[in-house]
Amino acid sequence: MTEITLDNKRESRLLYFAGWRITDIAEKLGLPVSTISSWKDREKWDDIAPVGRVENTLEARMNLLILKENKTGHDFKEIDLLGRQMEKMARIKKYSNGGGNEVDLNPKLEKRYSAERKYRDKNPITAEQEELLINGFFDGIFQYQRHWFDAGNHYRIREILKSRQIGATYYFAREAFVDALKTGRNQIFLSASKKQALQFRSYITAYAKEKADLELKGETILLPNGAELIFLGTNSATAQSYHGNLYFDEYFWVPKFGEMRKVASAMAAQKQYRQTYFSTPTTKASDAYKFWSGELFNKRRANEDKAEFDISHKNLQSGRLCADRHWKQIVTIYDAQKGGCDLFDIEELRFENSTEEFDQLFMCQFADDNTSIFKFADLQACQVDSYEEWQDFKLLVIVKSGLVMILLLRVTVPH
């Protein structure tokens, strides 16, 4: 192969940067002095900073070596050396242009700032840990939970009426966490009380520890990709400023659900976000029942535009997209058992509970409070989120003799 050489102008500039006089350059290259002087003045060689001069020289030498076909061991060593020098030049240039800091000049200084970096990035996650968390997501989940996952990939809004203790909060906590890792989307967890919402957080931190030996910190969990995991009670004043995927737990138990839903759904208004509502049943008189049954959907429409909603267990057992474009499913304790959940002795539960209690707790049947002394809606009006509202109340008090739990009953009368 013919030896690759530089063009006269570039070689003249590199020799000039190396300290050669113009007359000597002209003599070496066999060029008129006036030609080289013209290049120098027109391209302002004298105005190029030292870093720029070195960069030009490194670039030229690196390109020549890269284009060389039969490289020797010395050539490879020189390429490696030149690469490291170019990296140093880039650091110096970044610092000189005002876009860097001392770490750019001396990478070893980065260790001194580890505490500050840890504060900025509260939950650093390595690539290996992230892979473990994502790949471990499907470990141990039941068939009906996988069904929820598939529905979440196809439908924007999911509504699930469920038996108690079948792992819905546990599953959706993991689903949201993995989605945040993969997509960078915020995840908002809303429940009937702040304490109940923090149960999501407990499941997430336990999963991170189990799968990746990762300690997650902060009441609001901040991930390295910018995603936030936010845990809220049903205080609409604190919920309006957030945006992300929404997980609304035990929504049938929320007072004034209609008002709260407007705020909650607005947090997931963007098309990139999805909404998930899941709960055990309360009574048909609750605000949430109108949402579940389609009554709220029809209320806003003319008679000719009203839709039929079959919310029977038979129709929704396998999950179905309904007229309001909500994917709905009913999962009883028997459905959970068929889906692989072997955590219950159902006959024992039937023995321990009355028929009415069993049907409401485990068979997704709504209670009828028409004959009750206290209507469920009236009792809901007396609810208060003690975790957020009772700042003067401490449930656990340490005394010299040990740990004493105080039970405080406070009745709030609505105005």
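The values are calculated or read from the model by the stated rules, or taken from the named source; none is laboratory data. On a predicted model such as this, the values are computed, not experimentally measured, just so you know. Cβ coordinates were reconstructed from backbone atoms using ideal geometry, including for glycine residues, and neighbour counts include every protein chain displayed.
If you go through the range 319-357 and pick out every residue that is in contact (Cβ under 8 Å) with a residue 24 or more places away in the chain and either small (Gly, Ala, Ser) or more than 21 Å from Ile141 (Cβ to Cβ) (or both), you end up with 10.
Examine the range 57-74 for a residue that is surrounded by 15 or more Cβ atoms within 10 Å (Cβ to Cβ), among the polar types (S, T, N, Q), farther than 30 Å from Gln329 by Cα and modelled with pLDDT under 85, and state whether such a residue exists. Within the range 57-74, one or more residues are surrounded by 15 or more Cβ atoms within 10 Å (Cβ to Cβ), among the polar types (S, T, N, Q), farther than 30 Å from Gln329 by Cα and modelled with pLDDT under 85.
Summed over the range 297-336, residues that are crowded, with 20+ Cβ neighbours inside 10 Å and touching a Ser or Thr at 6+ places or on another chain (Cβ under 7 Å) total 3. If you go through the range 206-239 and pick out every residue that is farther than 25 Å from Arg164 by Cα, in a helix (DSSP H, G or I) and charged (D, E, K, R), you end up with 2. Residue-level check: of (1) acidic (Asp, Glu); (2) at pLDDT below 90; (3) surrounded by 15 or more Cβ atoms within 10 Å (Cβ to Cβ), Asp179 misses just (2). Of all residues being within 40 Å of the chain's Cα centre (by Cα) and in a helix (DSSP H, G or I) in the range 351-370, which is farthest from Lys162 (Cα to Cα)? Just the residue, please. Filtering first and then ranking leaves Glu357. Within the range 137-176, being small (Gly, Ala, Ser) and at pLDDT 95 or above holds for Ala151, Gly152, Ser163, Gly167, Ala168, Ala173, Ala176.
Just one of (1) aromatic (Phe, Trp, Tyr); (2) at pLDDT 95 or above; (3) assigned to a loop (DSSP other than H, G, I, E, B) fails for Tyr242. It is (2). Would you call Thr220 hydroxyl-bearing (Ser, Thr, Tyr) and within 10 Å of the chain's Cα centre (by Cα)? Against the criterion (hydroxyl-bearing (Ser, Thr, Tyr) and within 10 Å of the chain's Cα centre (by Cα)), Thr220 does not qualify. The numbered conditions (1) touching a Lys or Arg at 6+ places or on another chain (Cβ under 7 Å); (2) among the aliphatic types (A, V, I, L, M); (3) at pLDDT below 95 are all true for Leu222 except (3). Among the residues examined, Ile134 does not qualify as farther than 22 Å from Lys211 by Cβ and modelled with pLDDT of 95 or more. Within the range 166-182, the residues that satisfy the criterion of being assigned to a helix (DSSP H, G or I) and of a type in the set (Val, Ile, Thr) are Thr169, Val178.
Take the conditions modelled with pLDDT of 95 or more, in a loop (DSSP other than H, G, I, E, B) and charged (D, E, K, R) and apply them to Asp342. Does it pass? Yes: the conditions hold for Asp342. Restricting attention to the range 120-154, the residues that are basic (Lys, Arg) and in a helix (DSSP H, G or I) total 2.
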